[in-house]
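In what follows, a structure is listed as structure tokens, so that the remarks can point back to it.
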Amino acid sequence: MKYKVTLNNRTYEVEVEAGQAMLIDEYEAYAPAPIAPAAPVAAAPAAAAAAAAPAVSVAAGEVVKSPMPGNILKINVSLGQKVNEGDALLILEAMKMENEVVAPKSGTIAQIIVSKGAVVETGAPLIVIA
């Protein structure tokens, strides 16, 4: 039987007979070329939607950002509350799993940017700790 095996971007063609393997051919594997977008019109609505999104002003302090895309299930802190490093600030649901977003440092909650039920992307600002 003949098999093609790709390992570290190199493809090996291997023939196996009665428990023995013998290399037949070796060559470089290439990724397929990217396909050009069908129409540039699709980019225009995305740009318009991004422009329509309101800019959020962020208070001074350390911004806690979303580690992954998901939904905000619960906010465990309130404005002005003192938190310690490692305290759970909020619960972020991603792929049917609840993930705690914790405080990277001790301080006071200066701003809560998101609300319960909000959908966030990776890197979106969530909370500011002063």
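The values are calculated or read from the model by the stated rules, or taken from the named source; none is laboratory data. These numbers come from a predicted model, not from an experiment. Cβ: placed from backbone, ideal geometry, glycine included. Neighbour counts: every protein chain shown. Ligands, DNA and RNA are stripped out before the accessible areas are found, and what is left, the full protein with its side chains, is counted by its heavy atoms. Shrake-Rupley method; radii C 1.70, N 1.55, O 1.52, S 1.80 Å.
For this structure, a couple of remarks:
- Within the stretch 74-93, if we keep just the residues that are under 20 Å from Ala60 (Cβ atoms) and open to solvent by less than 40 Å² (accessible area, probe 1.4 Å), the residue that is farthest from the chain's Cα centre (by Cα) turns out to be Val83.
- Unique residue being open to solvent by 60 Å² or more (accessible area, probe 1.4 Å), farther than 14 Å from Glu62 by Cβ and out of contact with any helix residue (DSSP H, G or I) (no Cβ under 8 Å at 6 or more places or on another chain) when the list is Lys105, Lys96: Lys96
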